[in-house]
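Participant: One structure, as structure tokens, below. Some questions next.
The numbers here are math on the coordinates, done by the rules we state, and not lab data. What you are looking at is a predicted structure, and each value in this text was computed from that prediction instead of being measured. Counting neighbours? That spans all protein chains shown, and the Cβs are built from the backbone with ideal geometry, glycine included.
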Amino acid sequence: MDLALTNEEHAFREEVRQFLRRAVPPAMRCKLVKGAQLPKDELVAWWRLLNKKGWCVGQWPKEYGGAGWTPVQHYIFKEELQMYPAPVPLAFGVGMVGPVIYTFGNEAQKKHYLPRIANMDDWWCQGFSEPGSGSDLASLKTKAERKGDRYVINGQKTWTTFAQYADMIFCLCRTDPTVKKQAGISFILVDLKSRGITVRPIQTIDGGYEVNEVFFDDVEVPVENLVGEENKGWHYAKFLLGHERTGIARVGVSKERVRRIREVASKFESGGQPLIDDPAFREKLTSCEIELKALELTQLRIIAHESKHGNGMPNPASSVLKIKGSEIQQTTTELLLEVIGPFAAPYDKNVESSIEATDWIAQIAPSYFNNRKVSIYGGSNEIQLNIISKVVLGL
Amino acid sequence: MDFEFSEEQRLLKESLNGLFAETYNFEQRKKYMKEKGGWSKLVWQKLAEQGLLGLPFAESDGGVGAGAVETMIVMEALGRALVLEPYLPTVVICGGFLRHGGSVAQKAAHVPSIIDGSRTFAFAQLERSSRYDLYDIATSAKKRGNGWVIDGEKLLVINGQNADTLVVTARSKGAQRDKTGVGVFLVPTNANGIGKKTYLTQDGLQAADITFTGVEVSADAAIGDSENGVLLIERVIDEARAALCAEAVGAMDESLKITVEYLKTRTQFGVLIGSFQSLQHRAAEMFVALEQARSMSMFATMATNFVDAASRAQAVAAAKVQIGRSGKVIGQQSIQLHGGIGMTMEARIGHYFKRLTMIESTLGDIGYHIQRVNEIGALV
């Protein structure tokens, strides 16, 4: 048992840090610190810069354009980006559809899509959830009917993150309605510019637009866009959902936010002293830090295990990462909200208020509202408890 | 970065499990509790025969020269079996004082008898007003001639009845709450002027309240610096806290196992109660608490080797907080999920809950350690 990173891993961390200091545009970093959403062109430009460095898909095998990073390197890379902060590569392409394509796709698909994912030539979004299929994902109804050399897709997807920016969507569609629900699903890649697709934005409680509804009305897709075998889509989806489970804890994001809380709490006063010196507040923050430290260690245990034994099927203990990771993200946004107290109230960020530094303060309540999603998406925390209970405890 | 055991460590774990499977079922444990001092000499001899009592001592002192991870493995196994024998006070704490602070002569005089199981030790630290402050000490050690005279009172000394030797913290200088001026002294339990009152504790151990009235000990009774033992005390007590964390993880692990087993056997409304989602989720939450505790126990174990004392202290304190929190979740939910059976003295599960509860208030509780983490600075 040994906590220490190897010399090579230390050197890699240093290399990532130096690169970030050199390459991240200060204006972009500033916006992220304040919790603002970045425009598409800024994100794509940054990810292309990462790709030029060979780091956008560093964790992919070398034969598919990756750097062949170990799980520990991948962890270091993401943590450094989250803490700096700088945007991590878009998960839908790099962490989800990419690995599905290089694991289950055919040669033509690998050759076409993988370099485009790495360079953000295609912005991918995820077509899994439907209005009637949330936690019970396998009940999905969007159907793809084979007609000659095409599939004709009809139905509706929802909660589609950044569909407004996306070029491509990977969809789970029902291709056989006569069998057990998991056995009749296929994994199909769809060009969002196809005729018959309508994207409608959903405004979330924070006031932002991240998610959308995507409607499919007789959308024709060439059969070569099927990944793997027809009706095996559920298997690929499970692979995908388990693939980046260790990323879902977002330890680096919470670490960065804890620092932010300390910084802001030393500026805001309560009873004539900085809030950070208030024992009750300190106790809450320290409690949260301890939880976060434990989460980090749990994450390192899972990553070290993966490094040693390979990344086979996902470790069910990683449900712990989802549950604790989301709870801590929510606690930290809640603490930040508590720090600024009544000044969280103004909603219209375009109107000058006498409250100092209005723009970043205006993001704090929205960030708190927005982060309620993290215990809902990616398999709600209750679903994670089901997984633990079934797979780990055998109940 | 590696969180796995070496081959030798795995073998150690297996042999411990084997030993306790044979010697430590619930009925056997009840018998041991009735023996003098509340534990089994026979089991203690078996621990000695397997080399477990000599594990952390240097090979040059006759020990195995094993490290913190091995101690963690032993403590987890002790927690899993709810072992009553005084491994923590004898090997971890008093052995720790000898290892880190003892002179060659002190080690030669005491370590072999720990390793061969012939003598046990107890740690006399807690006082009426000290609570978790290791330096709030009224017990005095005054120089007289070549030796020391000890006066005062120590409470809740685990293994106080059977111990051959006490390791006592006492003030040689300064005021009651000064951090400096505290020394660590070896005191034979048969010395003149020692009074003992022994009693059972909530978790089935035996403790003693011990009074020292003009107890004379020789000059070589002091371990390390008799006027400033802070560094030594901090180090040994952090190791003891890490060991307690490991013991708690063993107890939590077994509690969850027992509880899940119960959910799979008890039927109500014509079905196994483990089929109810509200109960499944409680059990799954216990698993989450266990894994977080396990991570922090490993962290504390590895932290005992940190060169920087503040980082070590902070890591151990953070671990003790996590163990306290997880221990409550697992202990309380274990009882709840067992229903009425969990409330009975006859069921095993309640005894785990009681041990976990007592560990929480040993060497600093959640509130105390949160403050320690806080004082040292940012943790993440």
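Participant: One-quarter of the Cα convex hull surface for chain A, in nm²?
Facilitator: Details: hull surface 85.5 nm².
So the mean shadow area of the Cα hull is 21.4 nm².
Participant: Using θ = phi - 60° and the Karplus form 6.51 cos²θ - 1.76 cosθ + 1.60, what ³J(HN,Hα) does each residue of the stretch A:224-240 get, whole Hz, x for Gly and Pro?
Facilitator: These are the phi-based 3J(HN,Hα) values: 5, 7, 6, 9, x, 9, 4, 6, 9, x, 4, 4, 5, 5, 5, 4, 4 Hz.
Participant: State the answer as a single residue: which of B:Gln314, B:Trp39, B:Ser113 lies farthest towards the positive end of the charge dipole of chain B, with beta carbon charges of +1 for Lys and Arg and -1 for Asp and Glu, about the Cα centre.
Facilitator: Positive-end residue among those listed: B:Trp39.
Participant: Indicate the gyration tensor shape class of the stretch A:226-311 (rounded, prolate or oblate), computed on the Cα atoms with a ≥ b ≥ c the square roots of the eigenvalues: a/c under 1.5 is rounded; otherwise a/b larger than b/c is prolate and the rest oblate. Could the numbers behind the result be given before it?
Facilitator: On the way: a/c = 4.77, a/b = 2.72, b/c = 1.75.
Judged from the Cα gyration tensor, the stretch A:226-311 comes out prolate (a/c at least 1.5, a/b above b/c).
Participant: Next up: I want the antiparallel fraction of DSSP beta bridges within the stretch A:124-232, as a percent rounded to 5. Each step should come with its number before you reach the end.
Facilitator: Working: 29 of 34 bridges.
Approximately 85 percent, going by the DSSP bridge assignments.
Participant: B:Ser103 versus B:Leu200, label points 7 Å from Cα toward the beta carbon: distance in nm?
Facilitator: Distance between the two pseudo-spin positions: 4.4 nm.
Participant: Taking R0 as 30 Å, what FRET efficiency do you get between B:Gln277 and A:Lys141 from their Cβ-Cβ distance, rounded to the nearest 0.05? Don't skip to the end; give the middle numbers.
Facilitator: Numbers: r = 25 Å, r/R0 = 0.84.
Efficiency for this residue pair is about 0.75.
Participant: Using a 10 angstrom Cβ neighbour count of at most 10 plus a DSSP loop assignment to flag exposed GluC sites (Glu not before Pro), which longest range of chain A is free of such sites? Present the calculation step by step, with values, prior to reporting the outcome.
Facilitator: Numbers: sites that count: A:Glu352, A:Glu356.
Longest stretch, sites excluded: A:1-351.
Participant: Can you list residues from other chains, or at least 5 along the same chain, whose modelled amide H is less than 5 Å from the amide H of B:Glu153?
Facilitator: Long-range HN contacts for B:Glu153: B:Thr139, B:Phe212.
Participant: If a/c stays under 1.5 just call it rounded; otherwise compare a/b with b/c (prolate if a/b is bigger, oblate if not). Do that for the stretch A:7-72, with a ≥ b ≥ c from the square roots of the Cα gyration tensor eigenvalues. Intermediate results must be reported in sequence, preceding the final value.
Facilitator: Working: a/c = 2.48, a/b = 1.52, b/c = 1.63.
Verdict is oblate for the stretch A:7-72.
Participant: Rounded to the nearest 20 debye, what is the charge dipole size of the stretch A:95-190 about its Cα centre when +1 sits on each Lys and Arg Cβ and -1 on each Asp and Glu Cβ? Please report the intermediate quantities before stating the final value.
Facilitator: Details: 12 positive and 9 negative charges, 60 e Å.
For this selection, approximately 280 debye.
Participant: Something else: Going through the DSSP H helices of chain B, which span 27 Å or more along their own axis at the Cα atoms while scoring at least -0.5 as a mean Kyte-Doolittle hydropathy? Don't skip to the answer; put the middle values down first.
Facilitator: Values: long enough: B:230-263 (48 Å, 0.70); B:277-303 (38 Å, 0.11); B:309-338 (42 Å, 0.05).
Long hydrophobic helices here: B:230-263, B:277-303, B:309-338.
Participant: Another question about this same structure. Computed FRET efficiency, Cβ-Cβ of B:Ala48 and A:Leu337, R0 51 Å: what is it to the nearest 0.05?
Facilitator: 0.30
Participant: Continuing with the same structure: With each run of n ≥ 4 DSSP H residues scored as -39500 (n - 2.57), what mean residue ellipticity at 222 nm is computed for chain B after dividing by its residue count and rounding to the nearest 500 deg cm²/dmol?
Facilitator: Numbers: 11 runs with 182 residues, N = 380.
Helix-only estimate at 222 nm: -16000 deg cm²/dmol.
Participant: Trypsin sites (Lys or Arg not before Pro), restricted to the stretch A:51-129: which are DSSP loop and have at most 14 other Cβ atoms within 10 Å?
Facilitator: Numbers: sites: A:Lys52, A:Lys53, A:Lys62, A:Lys78, A:Lys110, A:Lys111, A:Arg116; in loops: A:Lys53.
Sites meeting the loop and neighbour criteria: A:Lys53.
Participant: For the charge dipole of the stretch A:124-232, defined by +1 on Lys and Arg C-beta atoms and -1 on Asp and Glu C-beta atoms about the Cα centroid, which residue among A:Thr198, A:Gly132, A:Leu226 has the Cα displaced farthest towards the positive pole?
Facilitator: The Cα lying farthest towards the positive end belongs to A:Gly132.
Participant: Let me ask another. With a ≥ b ≥ c taken as the square roots of the eigenvalues of the C-alpha gyration tensor of the stretch B:122-221, please select rounded if a/c is under 1.5 and otherwise prolate if a/b is larger than b/c or oblate if it is not?
Facilitator: Working: a/c = 2.23, a/b = 1.27, b/c = 1.76.
The shape class here is oblate.
Participant: Right, next: What does the charge count around B:His338 come to, taking other residues whose C-beta lies under 12 Å from its C-beta (Lys +1, Arg +1, Asp -1, Glu -1)? Walk me through the numbers on the way to the answer.
Facilitator: Details: positive: B:Arg266, B:Arg282, B:Arg348; negative: B:Glu261, B:Glu346.
Surrounding charge for B:His338 is +1.
Participant: Counting each DSSP H run of 4 or more residues in chain A as -39500 (n - 2.57), what helix-only mean residue ellipticity at 222 nm follows after dividing by all residues, to the nearest 500 deg cm²/dmol? It would help to have the intermediate numbers written out before the result.
Facilitator: Numbers: 13 runs with 167 residues, N = 395.
Only helices count here, giving -13500 deg cm²/dmol.
Participant: May I ask for the angle, rounded to the nearest 10°, between helix A:40-52 and the longest principal axis of chain A, with both axes built from Cα atoms and the value confined to 0 to 90°?
Facilitator: Helix A:40-52 and the main axis of chain A meet at about 80 degrees.
Participant: Where in the stretch B:86-123 does the label zone of B:Lys41 land, with the point 7 angstrom along Cα→C-beta and an amide N cut-off under 17 Å?
Facilitator: What the label zone holds, given the 17 Å backbone N cut-off, is B:86, B:113-121.
Participant: Next up: Along Cα→Cβ, 7 Å out, is where each label goes; now give me the distance between the ones at A:Asp176 and A:Lys308 in nm to one decimal.
Facilitator: Between A:Asp176 and A:Lys308, the simple spin-label model gives 4.1 nm.
Participant: Using alpha carbon centroids, what distance separates the stretch B:309-374 and the stretch B:144-210, in Å?
Facilitator: 26 Å
Participant: Also, I was wondering about something else. What does the net charge come to around A:Ala11 if you take all other residues with beta carbon closer than 14 Å to its beta carbon, with K and R at +1 and D and E at -1?
Facilitator: -3
Participant: Among A:Leu285, A:Cys30, B:Gly18, which residue has its Cα furthest toward the positive end of the charge dipole of the protein assembly as shown, with +1 on Lys/Arg Cβ and -1 on Asp/Glu Cβ?
Facilitator: After comparing all options, I get B:Gly18.
Participant: Right, next: Test of the criteria: in the stretch B:346-378, which GluC sites (Glu not before Pro) are in a DSSP loop and have at most 10 other Cβ atoms within 10 angstrom of their Cβ? Kindly include the intermediate steps, with their values, before the conclusion.
Facilitator: Numbers: sites: B:Glu346, B:Glu360, B:Glu375; in loops: B:Glu346.
The qualifying sites are B:Glu346.
Participant: Taking only C-alpha pairs under 8 Å that are 6+ residues apart, what is the relative contact order of chain B in percent? It would help to have the intermediate numbers written out before the result.
Facilitator: Numbers: 695 pairs, mean separation 55.9, N = 380.
Contact order relative to length: 15 percent.
Participant: Something else: Pull up the DSSP beta bridges for the protein assembly as shown and report the antiparallel fraction as a percent, rounded to 5.
Facilitator: Details: 63 of 73 bridges.
Of those bridges, close to 85 percent are antiparallel.
Participant: Between A:Lys52 and B:Thr211, take the C-beta separation as r, use R0 = 56 Å, and let me know the FRET efficiency to the nearest 0.05. Please report the intermediate quantities before stating the final value.
Facilitator: Working: r = 76 Å, r/R0 = 1.36.
Computed FRET efficiency for A:Lys52 and B:Thr211: 0.15.
Participant: In nm, to one decimal, how far is the modelled label at B:Ser6 from the one at A:Gln273, with both set 7 Å along Cα→Cβ?
Facilitator: 4.9 nm
Participant: Compute, for chain A, the length of the dipole vector about the Cα centre, with Cβ point charges of +1 (Lys, Arg) and -1 (Asp, Glu) only. Units Debye, rounded to 20.
Facilitator: Values: 49 positive and 48 negative charges, 117 e Å.
With only Lys, Arg, Asp and Glu charged at Cβ, the dipole is about 560 debye.
Participant: Could you work out which residue, out of A:Arg22, A:Arg146, A:Arg250, moves most in a Gaussian network model of chain A, that is, has the largest mean-square fluctuation with Cα springs under 10 Å?
Facilitator: With Cα springs under 10 Å in chain A, the top fluctuation among A:Arg22, A:Arg146, A:Arg250 is at A:Arg22.
Participant: What ³J(HN,Hα) values, in whole Hz, does the Karplus curve 6.51 cos²θ - 1.76 cosθ + 1.60 give for the stretch A:268-281 when θ = phi - 60°, with x put for Gly and Pro?
Facilitator: Calculated HN-Hα couplings, in order: 7, 9, 9, x, x, 9, x, 4, 4, 8, 7, x, 5, 5 Hz.
Participant: Something else now. Please state the charge dipole magnitude for the protein assembly as shown, taken about the Cα centre, from unit charges on C-beta atoms (+1 on K and R, -1 on D and E), reported in debye and rounded to the nearest 20.
Facilitator: On the way: 89 positive and 90 negative charges, 153 e Å.
My answer is approximately 740 debye.
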